[in-house]
Amino acid sequence: MAPSSDTMKIQVGEISALNGTLILPCFEGCEKPPSKTMNEADRVTRSLIKKILASDDFSGKSEENMSVFGGGNKVILVGLGKKDNITTKIARDTGAKTLAKLSKNHGKDLTIRFSSEWKLNMMAAFVEGMILRDYKYDKYISKKDDDNDDSPFNLHIQCSPRHVDNLKNMCEESYNIATGVHLARDLGNSPPNDLYPMAYANIAKDWAKGKKNVSVTVIDWEGILENKMGGLENVGKGSSRKPCMVIFEMNKPSGKGNPPVIVGKGITFDTGGISLKPGASMDEMKYDMHGSATVFGLMQALHACGHSKHIVGISCMAENMPGSNAYRPGDVIPTYSGKTIEILNTDAEGRNVLADGLWKSGEFNPKFIVDLATLTGACVVALGHEASGLWSNNDELREKIRAMGAEVDELAWPMPLLPAFEKEMTGSKIADVRNLGTTRWGGSNTAAAFLKQFVPNMSDDKDAEQYPWAHLDIAGTAWGASTNATVAHGATGIHVRTLYHLLKNE
């Protein structure tokens, strides 16, 4: 499965030749073309742009967009709003929306010219938005529009000479990260009849071939039984497509390592099991593996960018089906940690598979652990599709993730991990932990409290502290996020960029 963003071509240089359609981002109040931005445009086009900017037809307000045809060149005027108000989010979203609005009449050769008043990070964000939006998932469409041009976009990014080298490097990094974002989207969008647990594992193994600093280990059904990974075993045993655990390792040192470990929930389809979900929108449960999609996409992004530090990713893969062998409400199941779980609802399955993955992460002496999961509808009720929920046992780690998410516009909203929630989840009368809270209230918080019970300690000492750990509930941000300008529809690839920059700065 090749990342979808490997088609776009990007060149960065000084303002010189004009190739194809000129995209001219303008701030509000721009009354004439900024210096050099009309270089090589023909006389008629120059005159048209001057008249338009001098009139009230185009003011440069945010989201204002005008295509200008009439001379020998095609021009798109793009409004950014007031210069003093621009942020990287505005720049990124505007770049994404600009690409989304292109028609076949604009062609695939685009010249984006930034005037000298543009700051480096704003230019980079605008281009990043275009790169992220350059994605579609049409693998299963047999009849394609004859007028549809599938050739890649050629972006000619032009700016002041002093910014060329730095902008080139930043665009290259954004492009490489986007290969991971788009791979995560591909995995999330894949239909569950084709992407099941071992299919994911096989894609991962194929991806690792030829990459000298990467290894992929698959713990298959027999390995799960042998290792007594009861969370994965029980959630996945009702399906003919058995569960597995996929472990990515990059830049493994010769001695003992201390890597960050990223753990992803990978339920390739979630019927709810015996606690069957309602039929409405059940097709969207193919997205229930997006935590594992983000893990895989992150590995792709890190590798593409030449990440040199040790990193481990763990994907906990299963299909939750109501078969004759499925686990039931009322069961008590073992886990890899040795702790037992009282099953009160088989649709609270993601936490069960993560219990094994979190415990497995302790074997790598982790610097910290981050898990991602489309875990609870309660998180969507709390935060909508605007932010992921964020829980942590470590204030420093929580703040790093929050700050990085805010910087790249993948919001992670801190949520409470109160002792009362932990007490509620450890209050089973017949097992160590229960997989459902006692009431409907605070469901995303009790789910996080459940996961905390399976975060390993730093040593065998009974008073030892847990490894630093954070949990991201991406149920509202992994798909259906209509306000995310970088995504047309479907899977978002959420938090590939957040975690990439987090790990880069470690």
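Determine which single condition Ile52 fails, assuming it passes every other condition in (1) surrounded by 14 or more Cβ atoms within 10 Å (Cβ to Cβ); (2) part of a loop (DSSP other than H, G, I, E, B).
Among (1) surrounded by 14 or more Cβ atoms within 10 Å (Cβ to Cβ); (2) part of a loop (DSSP other than H, G, I, E, B), Ile52 violates only (2).
Identify the single condition in (1) in a loop (DSSP other than H, G, I, E, B); (2) within 29 Å of Asp165 (Cβ to Cβ) that Ser59 does not satisfy, given that it satisfies every other one.
(2)
I'd like to check which helices (runs of 4 or more DSSP H) are fully inside the range 386-475 and have at least 1 residues that are closer than 29 Å to Thr88 by Cβ, under 29 Å from the mean Cα position of the chain (by Cα) and basic (Lys, Arg).
395-407
So Gln466 fits all but one of (1) surrounded by fewer than 19 Cβ atoms within 10 Å (Cβ to Cβ); (2) modelled with pLDDT of 95 or more; (3) more than 24 Å from Gly313 (Cβ to Cβ); what number is the exception?
So the condition that Gln466 fails would be (3).
Given the structure, is Phe296 at pLDDT 95 or above, in a helix (DSSP H, G or I), in contact with a helix residue (DSSP H, G or I) (Cβ under 9 Å, 6 or more places away or on another chain) and under 26 Å from Pro468 (Cβ atoms)?
When the stated conditions are applied, Phe296 passes them.
Using the structure shown, decide if Ile262 is at pLDDT 95 or above and over 24 Å from Ile333 (Cβ atoms).
yes
In the range 474-487, what residues are modelled with pLDDT of 95 or more and surrounded by fewer than 24 Cβ atoms within 10 Å (Cβ to Cβ)?
Those that are modelled with pLDDT of 95 or more and surrounded by fewer than 24 Cβ atoms within 10 Å (Cβ to Cβ): Asn484, Ala485, Val487.
Residues are listed down the side, and each one gets a yes or a no for (1) in the same structural domain as Phe114 (by TED's automatic domain parsing); (2) closer than 18 Å to Leu120 by Cβ; (3) out of contact with any helix residue (DSSP H, G or I) (no Cβ under 6 Å at 6 or more places or on another chain):
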site	(1), (2), (3)
Gln11	yes, yes, yes
Ser16	yes, no, yes
Thr21	yes, no, no
Pro25	yes, yes, yes
Glu28	yes, no, yes
Lys32	yes, no, no
Asn39	yes, no, yes
Ser47	yes, no, yes
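Filter the range 159-198 down to the residues that are part of a helix (DSSP H, G or I) and free of Cβ contacts under 8 Å to residues at least 24 places away in the same chain, then identify the one that is farthest from Lys242 (Cα to Cα).
Across the range 159-198, the extreme among qualifying residues is Arg162.
Looking only at the range 103-123, count every residue that is part of a helix (DSSP H, G or I), hydrophobic (A, V, I, L, M, F, W, C) and surrounded by fewer than 24 Cβ atoms within 10 Å (Cβ to Cβ) and tell me the total.
2
Hey, among the residues in the range 342-379 that are assigned to a strand (DSSP E or B) and among the β-branched types (Val, Ile, Thr), which one's farthest from Gly297 (Cα to Cα)?
By that ranking, first place goes to Ile369.
Quick check on my filter: what residues within the range 292-323 are over 30 Å from Ser275 (Cβ atoms) and among the hydrophobic types (A, V, I, L, M, F, W, C)?
Leu298, Met299, Ala301, Leu302, Ala304, Cys305, Ile311, Val312
Scan the range 440-447 and tell me whether some residue there is at pLDDT below 95 and in the same structural domain as Ala293 (by TED's automatic domain parsing).
For the range 440-447, residues at pLDDT below 95 and in the same structural domain as Ala293 (by TED's automatic domain parsing): present.
Among the candidates Leu155, Leu225, Leu167, Leu183, which residue alone is assigned by TED's automatic domain parsing to the domain that holds Gly313 and either surrounded by fewer than 23 Cβ atoms within 10 Å (Cβ to Cβ) or not basic (Lys, Arg) (or both)?
Step by step, each of Leu155, Leu225, Leu167, Leu183 is checked, and only Leu225 is assigned by TED's automatic domain parsing to the domain that holds Gly313 and either surrounded by fewer than 23 Cβ atoms within 10 Å (Cβ to Cβ) or not basic (Lys, Arg) (or both).
Matching residues to (1) over 23 Å from the mean Cα position of the chain (by Cα); (2) over 21 Å from Phe421 (Cβ atoms):
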position	(1), (2)
Ser292	no, yes
Val295	no, yes
Met299	no, yes
Cys316	no, yes
Asn352	no, no
Asn365	yes, yes
Ile369	no, no
Ala373	no, no
Val381	no, no
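Taking the options Gly377, Gly384, Gly362, name whichever one is surrounded by fewer than 23 Cβ atoms within 10 Å (Cβ to Cβ) and farther than 28 Å from Leu503 by Cβ.
That would be Gly377, the only listed residue that is surrounded by fewer than 23 Cβ atoms within 10 Å (Cβ to Cβ) and farther than 28 Å from Leu503 by Cβ.
From the list Ala318, Ala326, which one is in contact with a Cys (Cβ under 9 Å, 6 or more places away or on another chain) and of a type in the set (Gly, Ala, Ser)?
Residue meeting the stated conditions: Ala318.
What residue, of Val235, Val263, is in a helix (DSSP H, G or I), touching an Asp or Glu at 6+ places or on another chain (Cβ under 9 Å) and surrounded by 24 or more Cβ atoms within 10 Å (Cβ to Cβ)?
Val235 is the lone residue from the list that is in a helix (DSSP H, G or I), touching an Asp or Glu at 6+ places or on another chain (Cβ under 9 Å) and surrounded by 24 or more Cβ atoms within 10 Å (Cβ to Cβ).
Which members of the range 435-477 meet the condition of being more than 29 Å from Ile494 (Cβ to Cβ) and not β-branched (Val, Ile, Thr)?
Answer for the range 435-477, where residues must be more than 29 Å from Ile494 (Cβ to Cβ) and not β-branched (Val, Ile, Thr): Asn457, Met458, Ser459, Asp460, Asp461, Lys462, Asp463, Ala464, Glu465.
Does Leu397 satisfy the criteria of being at pLDDT 95 or above and in contact with a strand residue (DSSP E or B) (Cβ under 8 Å, 6 or more places away or on another chain)?
yes
Criterion first (at pLDDT below 95 and over 26 Å from the mean Cα position of the chain (by Cα)) does Gly79 satisfy it?
no
If you scan the range 414-444, which residues turn out to be touching a strand residue (DSSP E or B) at 6+ places or on another chain (Cβ under 6 Å) and under 30 Å from Ala485 (Cβ atoms)?
Pro414, Met415, Ser444, listed by residue number.
Quick check on my filter: what residues within the range 211-223 are out of contact with any Phe, Trp or Tyr (no Cβ under 9 Å at 6 or more places or on another chain) and either over 26 Å from Ser254 (Cβ atoms) or of a type outside the set (A, V, I, L, M, F, W, C) (or both)?
The answer is Lys211, Lys212, Asn213, Asp220, Trp221, Glu222, Gly223.
Mind listing just one residue for me: the one in the range 1-49 that is under 30 Å from Leu187 (Cβ atoms), outside any loop (DSSP other than H, G, I, E, B) and in contact with a Ser or Thr (Cβ under 7 Å, 6 or more places away or on another chain) and, of those, modelled with the highest pLDDT?
Looking at residues that are under 30 Å from Leu187 (Cβ atoms), outside any loop (DSSP other than H, G, I, E, B) and in contact with a Ser or Thr (Cβ under 7 Å, 6 or more places away or on another chain), I get Asp6.
The values are calculated or read from the model by the stated rules, or taken from the named source; none is laboratory data. Predicted model only: the values in this text are computed from it and were never measured. A quick note on method: Cβ atoms are made from the backbone with ideal geometry, for glycine too, and the neighbour counts reach across all protein chains shown.
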